[in-house]
Amino acid sequence: MNDDQTPGPRQAVLAMSPDQFRAIGHGLVDRLADFLAELPIGPVTGNDTAAALRALLPAGEIPEQGELAEELLADAAMLLTRHSLFNAHPRFFGYITAGPAPIGVLAELLAATINANVGSATLAPIASAIEEQTVRWIAELMDYPADCGGLLVSGGNMANIVAFFAARRARADWDLRQHGVSAGPQLLVYASTETHTWLHKAADLSGIGTDAIRWLPTSSDGRMDTTGVAARIAADREGGGQPFLLVGTAGTVATGAVDPLPELARIARDQRMWFHVDGAYGGIAASLLDTEDTSLVPPDLAGLRQADSIALDPHKWLYAPLEAGCVLVRRAGDLRDAFSYKPSYYRFDDDAEQPLPNYYEYGPQNSRGFRALKVWLQLRHAGRAGYRRMMADDIRLARWLESRVRASDVLKLGPGGLSIATFRYVPQVGPLDGTRAEWLDALNTELLDRLQRGGEAFVSNAVIDGCFWLRACIVNFRTEAVDIDALVRLVERIGAEITAADFALTDPSAR
Ligand SMILES: *Cc1c(COP(=O)(O)O)cnc(C)c1O
């Protein structure tokens, strides 16, 4: 190597001329538009085995030489459009996963092209301002104080975990960040047994441990039963613990139940605890509280406005492409107090009167992508009115599904709320003795397996009071009433097929 010689011109294989980018990009967009056009008439899922999927990929070790971008993108588009599960399909009702809004998809391309690092305002000037406005608009959508703090994170889990760390820092009266959890009394958190497993991870990761979670019972509709909570907190405090966090859920994963949030807010205030609401799924539905149809959402959702922090998920009911979660804290300074460290190599302090946030100080991430852009554009594309309409339509379709289930003589309706409905196949035949409950669980488990494998529609399951139920969640602006009707017919058909095959074995009168 000769250091004195000027290096010759580079031939970076990853470089692409603007004209190539244009041509290849247009080609990809054309393929994706075709995919979107055909999506509703194709299957919901490809349903390949793990072995078949691995066999689709190039054999052998990492390629030594590169390949042409155009061919690679055509190949990848083919793989993905044929072998995925399509949550944008109008008959996808599984879990709580939305199909992406097209403008959000395009926003991802725009964000990636600029590649702003939204860790600091210096590295991402306009992007930081957009994220700040996005957070404020999301708060306004739910009628949460617009001067709150917050940031975009990867999803509901991270949003809840970030809020948990903010609460822990704010309510520990010793220097917990330096001295750790063992330097003070045992911190205790209270939440219902229907709480999502983010709480286990938060308690675990934070060093508090899952033993510090005081699980509160729920009634059969999945809502927290607050009887005796205040007394239990007082007793724990007597016992030397430090109750610091009360968690309510706005839309449980299983049945969309909303905890009695106004009452939880009152208890937290009386007990000087931090009140956090996990609204990953249902928090945004608070925007429907003051619409004309007052039966759309439970009035308890209003209690979310009193929370010290809220987690919500734009990649659920704001229909953003993955990933987009959002955490809001009532006092903007609480996130910085919980997360800020200033390394010597960052000189990002701004002496402007109202500097833009340096988001690396507000959460666990350092370099950060521009998740806010897609959410910001979607909020502008739909507006508050557009979002209200889409969410209300999702809820009305869930109630329509419930009415179709009620009208069926082989389906039984379970608890549901917001845009979730639960139901199961309960035929007139089958054992009537003590084995019936088990038989119905096995029947519905098999039914769900076949339904998911069939690819005509996709629902997931919920275990309610120990029984297996089918669960449909509608966070999908592409779904119409005909898709709901088709789902009901499909469940009835598969149920009949299973019982017909099974009948001779299981029904004593048929022997
Ligand atoms: C989905 C969900 C979560 C987790 O959110 P992710 O985006 O999957 O990380 C947490 N809580 C509730 C109530 C949820 O519905």
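What the table below lists for this structure:
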{"read-out": "Index of the failed condition, Gly386 passing every other in (1) more than 18 Å from Glu132 (Cα to Cα); (2) open to solvent by 30 Å² or more (accessible area, probe 1.4 Å); (3) of a type outside the set (Val, Ile, Thr); (4) free of Cβ contacts under 8 Å to residues at least 60 places away in the same chain", "value": "(2)"}
{"read-out": "Given (1) aromatic (Phe, Trp, Tyr); (2) in contact with a Phe, Trp or Tyr (Cβ under 8 Å, 6 or more places away or on another chain); (3) farther than 26 Å from His196 by Cα, index of the condition Trp400 fails", "value": "(2)"}
{"read-out": "Condition check for Gly325: open to solvent by less than 10 Å² (accessible area, probe 1.4 Å) and either modelled with pLDDT of 95 or more or not basic (Lys, Arg) (or both)", "value": "yes"}
{"read-out": "Qualifying residue in region 461-479 (condition: more than 23 Å from Ala257 (Cβ to Cβ) and of a type outside the set (Lys, Arg))", "value": "yes"}
{"read-out": "Among residues of region 217-230, those that are outside any helix (DSSP H, G or I) and surrounded by fewer than 22 Cβ atoms within 10 Å (Cβ to Cβ), counted", "value": "9"}
{"read-out": "In region 446-458, the residues that are part of a helix (DSSP H, G or I) and open to solvent by 50 Å² or more (accessible area, probe 1.4 Å)", "value": "Glu446, Asp449, Arg450, Arg453, Gly454"}
{"read-out": "Any hit, region 338-361, residues being touching a residue at least 60 places away in the same chain (Cβ under 8 Å), surrounded by 14 or more Cβ atoms within 10 Å (Cβ to Cβ) and closer than 30 Å to Asp293 by Cβ", "value": "no"}
{"read-out": "Test for Arg214: is it surrounded by 15 or more Cβ atoms within 10 Å (Cβ to Cβ), modelled with pLDDT of 95 or more and outside any helix (DSSP H, G or I)", "value": "yes"}
{"read-out": "Residue in region 339-349 that is in contact with a helix residue (DSSP H, G or I) (Cβ under 9 Å, 6 or more places away or on another chain), modelled with pLDDT under 95 and hydrophobic (A, V, I, L, M, F, W, C) present", "value": "yes"}
{"read-out": "Members of region 460-492 that are in contact (Cβ under 8 Å) with a residue 12 or more places away in the chain and small (Gly, Ala, Ser)", "value": "Ser460, Ala462, Ala472, Ala481, Ala486"}
{"read-out": "Residue satisfying condition, being open to solvent by 10 Å² or more (accessible area, probe 1.4 Å), without any contact (Cβ under 8 Å) to a residue 60 or more places away in the chain and among the aliphatic types (A, V, I, L, M), within set Ile208, Ile233", "value": "Ile208"}
{"read-out": "Residues within region 137-174 that are hydroxyl-bearing (Ser, Thr, Tyr) and touching a Lys or Arg at 6+ places or on another chain (Cβ under 7 Å), tallied", "value": "1"}
{"read-out": "Helices (runs of 4 or more DSSP H) (entirely within region 64-178) containing at least 1 residues that are within 16 Å of the ligand (Cβ to nearest atom) and not small (Gly, Ala, Ser)", "value": "125-142, 156-171"}
{"read-out": "Pick from region 186-202, criterion open to solvent by 50 Å² or more (accessible area, probe 1.4 Å) and not in a helix (DSSP H, G or I), ranking: farthest from the ligand (Cβ to nearest atom)", "value": "Gln186"}
{"read-out": "Residues satisfying the stated conditions in region 391-420, i.e. closer than 18 Å to Asn476 by Cβ and open to solvent by 50 Å² or more (accessible area, probe 1.4 Å)", "value": "Asp393, Arg396, Arg399, Trp400, Arg404"}
{"read-out": "Selection within region 381-418 - assigned to a loop (DSSP other than H, G, I, E, B), closer than 18 Å to Glu292 by Cα and small (Gly, Ala, Ser)", "value": "none"}
{"read-out": "Residue in region 14-28 that is open to solvent by 80 Å² or more (accessible area, probe 1.4 Å), polar (S, T, N, Q) and without any contact (Cβ under 8 Å) to a residue 24 or more places away in the chain present", "value": "no"}
{"read-out": "Top-ranked residue in region 362-383 [being of a type in the set (Lys, Arg) and out of contact with any strand residue (DSSP E or B) (no Cβ under 9 Å at 6 or more places or on another chain); ranked as least open to solvent (accessible area, probe 1.4 Å)]", "value": "Lys374"}
{"read-out": "Exclusive hit being free of Cβ contacts under 8 Å to residues at least 12 places away in the same chain and small (Gly, Ala, Ser), set Ala183, Ala203, Ala170", "value": "Ala183"}
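The values are calculated or read from the model by the stated rules, or taken from the named source; none is laboratory data. The model shown is predicted, which means the values in this text are computed figures rather than measured ones. With ideal geometry, Cβ positions are generated from the backbone for all residues, glycine too; neighbour counts draw on all protein chains shown. These area figures cover heavy atoms from the full protein model, side chains too; ligands, DNA and RNA do not enter into them. Shrake-Rupley method; radii C 1.70, N 1.55, O 1.52, S 1.80 Å.
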